[in-house]
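Reading through the structure tokens given below for one structure.
The values are calculated or read from the model by the stated rules, or taken from the named source; none is laboratory data. Predicted model only: the values in this text are computed from it and were never measured. Every residue, glycine as well, gets a Cβ built from its backbone with ideal geometry; the counts of neighbours run over all protein chains shown. Remember, those area values only see protein heavy atoms, side chains included, never the ligands or the DNA or RNA. Shrake-Rupley method; radii C 1.70, N 1.55, O 1.52, S 1.80 Å.
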Amino acid sequence: MTFEKLFEVGQIGSLKVKNRIVMPPMGTGLAGLSGEVTEDLIRYYEERAKGGCGLIISEICRIDDVHGWGLATQIAATRLGHIAGLQRLADRVHAYGTKMFLQLHHPGREGSSKLNPDGAGLVAPSAFTTERCPEMPHELTLEEAKDLQGKYIRGAVFAQLAGLDGVELHGAHGYLLNQWLSPFSNRRTDDYGGSFENRMRFVDEIILGIRQYVGPQFPLGIRISADEFLGDQGITKDLAVKMAQHLEKVGVDFIHVSCGIYETGHEIIPMYSYKQGSRKDLARAIKEAVSIPVFAINVIKEPEVAEALLEEGVCDFVSIGRGHLADAHWAKKAQAGRSDLIRKCIGCNRCIEAEARGRHVECAVNPILGNEAHFDLNLLRRDGQGRRTVVVGGGPAGMETATLLAQRGFEVDLFEKNDHLGGALYTGSLGQDKEKLGWFIETQKKEMEEAGVRVHLNTLASRENVGALEPEAIFICAGGKPMRPPIQGIDSPKVIMAEDYLEGRKKAGKKVAVIGSGATGLEIADTLKAEDPSREVALVEMTGVMGASEIARVRMVVLAKLEKVGVKFMPLHQLVEVTDQGIKLKVLEETQAQGQVKDLEVDTVILALGSRPQPDYVEEFEGLAPYLRLYGDGAKIGTLLEALREAYHIAWTY
């Protein structure tokens, strides 16, 4: 498929952009401790420019060193010393014909005094707290507000001096500028609060101030949350349209449409269950109301969807955020008509979880994200010279290993005992709303095909068939072994394994107990209720936290959904016996009932207890090759990213 709209030249004010693909701001954690641009950060952006993106908007750039820290490590435009680093960044991105804007940011009440130097408190237009933002901010005086406006203006001037192509004001997601614009967060009674015009005033003055210093030809835009999902309390779609029309008159060159604030945080970064294009009504409403370009996030994973949104007139530029984390060459592959080779975002939210833990940005399907300076394919040794290697196991780790080894020039044979590839990820892809996992498996299969890997399905690797190839190296990543507790009644016909249910080999009855509330347990409970809403489902968990192994924001959304559809949560309960009538559960909670055993009537028990390593499997192949390596879940149970990262490192360094 060709993507004519996607690769049309775009116009933003006086600036021409080579296509309609925008990489929107996403925090990376790759900047220096004081806001300096690092080589790691430059290589991260440079790779996306090399990958064909038309316009990159930087991660949040700090404009206030006292109260304005959004991340422990983020770029800044607060001192003259920051300009040279921004200049190097601009030069490296420009080498590929890509334009770059700087996004100017202040968190306001959504920051944290733990990030600010010397524990400086938070500031905001109005002083109040919520459950999501419990730290009380200082209400800005007019003098303090004017000082902050000056810092935004200074940041824009620094961007222009550095040779960047424009700036974007971050007026979305509940951050400081959003706080001035929204009736939910702006509760002032002076000239900067109350009426629509008063709420707009703080941002208006920043725009006019920037224009005074940078002139009319330097692109200036703003990102807004076109719906805060608070009803009439906050910004609604209709109010956002009015705001956009007003901002156009004040002088912005583009509107970047997003949605959500911290109080509705899962809306800002949608998880895997959100359908592509699910927020297009917001962008369309604003595009129909203004004449300047509209950028829009719309949960876009595939170029086919991006093209359709442009054809429908939903927006003028498509913002591909996490898609560029998953695959730096998203745009170039789309332009070549190779959508099948794009590693598409699976919506797992691993990226945002990494930053919440103080790590640099990570992606479950891109093991080299944040390490582009080291794992550059241009540096890959092409020293295989046709030497034979064998990979045992066709899960994600095995496929990753096989592809990279083949790219290095090795002859690679991959053995998989099943009739399909993907390992445990394949099973997971069959759960409710988990089809995006299947996308990744298909991409990995295509990567192996392109690299020339020979795949042997329905073939259990053995000493005989592997030894017959006389390999110089054997890479064993055959996965873990599903856990089945040795308790009375466990061999009952009513007990089925998670993979047997998800892969359709066994059916569940009307009363089901799912044992284990990890990611697999959650998706099984979800799938059971989606199949039959009247089905009784109990989710049994030994620990006190349901879904503890799942990413926090995903767990929050999934548990809320399961509770809504009537799934019974049973934390601190241990399966001790399967009976003719159901199961016996031991109470682990520290109450008077602790240690008691109670009955639960069920007709089906689904074991979703995860897997355990099988280190002894390596013995099958000992002595067959000079190099033998066991890794992945067969050695230690881990996440998809951990499996891919280990596989990539092993294949890179072998």
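As a fraction of the 1.4 Å probe accessible area of the stretch 252-389, surface on carbon and sulfur atoms comes out at 48 percent.
Once ligands and nucleic acids are excluded and a 1.4 Å probe is used, how much of Met1 is accessible, expressed in Å² to the nearest 10? Here the accessible area works out near 130 Å².
For the stretch 375-505, the alpha-carbon coordinates run over 55, 37, 23 Å along the three principal axes, in decreasing order. Of the solvent-accessible surface of the stretch 495-654, computed with a 1.4 Å probe and all protein chains present, 50% belongs to carbon and sulfur. Using θ = phi - 60° in the Karplus curve 6.51 cos²θ - 1.76 cosθ + 1.60, the 3J(HN,Hα) couplings for the stretch 279-287 round to 10, 5, 4, 5, 5, 4, 4, 6, 4 Hz; x is entered for Gly and Pro. Helix-derived [θ] at 222 nm for the chain: sum -39500 (n - 2.57) over DSSP H runs of at least 4, divide by residue count, nearest 500? Helices in the chain give a 222 nm mean residue ellipticity of -9500 deg cm²/dmol. Here, P(r) means the percent of Cα pairs in each 10 Å bin from 0 to the largest distance; for the stretch 526-654 it is 10, 28, 28, 19, 13, 3. When Rg and Dmax of the Cα atoms in Å is calculated for this entry, the matching label among (i) 26.8, 83; (ii) 31.6, 115; (iii) 26.2, 77 is (i). Of the solvent-accessible surface of the stretch 101-229, computed with a 1.4 Å probe over protein heavy atoms with every protein chain present, carbon and sulfur atoms account for 50 percent.
Angle of helix 83-94 to the longest C-alpha principal axis of the chain, folded into 0 to 90 degrees and rounded to 10: 60°. Any aspartates and glutamates with Cα under 16 Å of the Lys564 Cα? List them, leaving off those in the same chain fewer than 8 positions away. Partners within reach: Glu523, Asp526, Glu531, Asp532, Glu536. Take the stretch 612-653 with all the other protein chains still there, run a 1.4 Å probe, and you get 52 Å² of accessible area per residue.
With the whole protein complex present, Tyr272 retains an accessible surface near 30 Å², based on a 1.4 Å probe.
Could you tell me which of Val540, Gly566, Ile551 has its Cα farthest along the dipole of the stretch 535-583 towards the positive end, charges placed at Cβ (Lys, Arg +1; Asp, Glu -1), taken about the Cα centre? With unit charges placed on the Cβ atoms, the residue in question is Ile551. Straight-distance candidates among the lysines for linking to Lys494, with alpha-carbon spacing under 19 Å and chain neighbours fewer than 8 residues away dropped: Lys506, Lys507, Lys510, Lys511, Lys529, Lys584, Lys598.
Students sometimes get this wrong: rank Trp652, Trp439, Trp180 by accessible area, probe 1.4 Å, all chains present, largest first.
From most exposed to least exposed: Trp439, Trp652, Trp180.
In the full protein context, the stretch 268-322 carries 31 Å² of accessible surface per residue, based on a 1.4 Å probe and ignoring ligands, DNA and RNA. In the complete set of protein chains, residue-level accessible area for Phe317 is approximately 0 Å², probe 1.4 angstrom. If the cut-off is 27 Å between C-alpha atoms, which lysines fall inside it for Lys50, apart from same-chain ones fewer than 8 positions away? Partners found: Lys5, Lys16, Lys18, Lys99, Lys301, Lys332, Lys333, Lys344, Lys436, Lys445, Lys446.
Would you mind checking the tilt of helix 519-531 against the longest principal axis of the Cα atoms of the chain, expressed as 0 to 90 degrees and rounded to 10? Relative to the chain, helix 519-531 is tipped by roughly 90 degrees. How tilted is helix 552-564 with respect to the longest principal axis of the chain? Cα atoms for both, answer in degrees (0 to 90, nearest 10). It works out to around 70 degrees.
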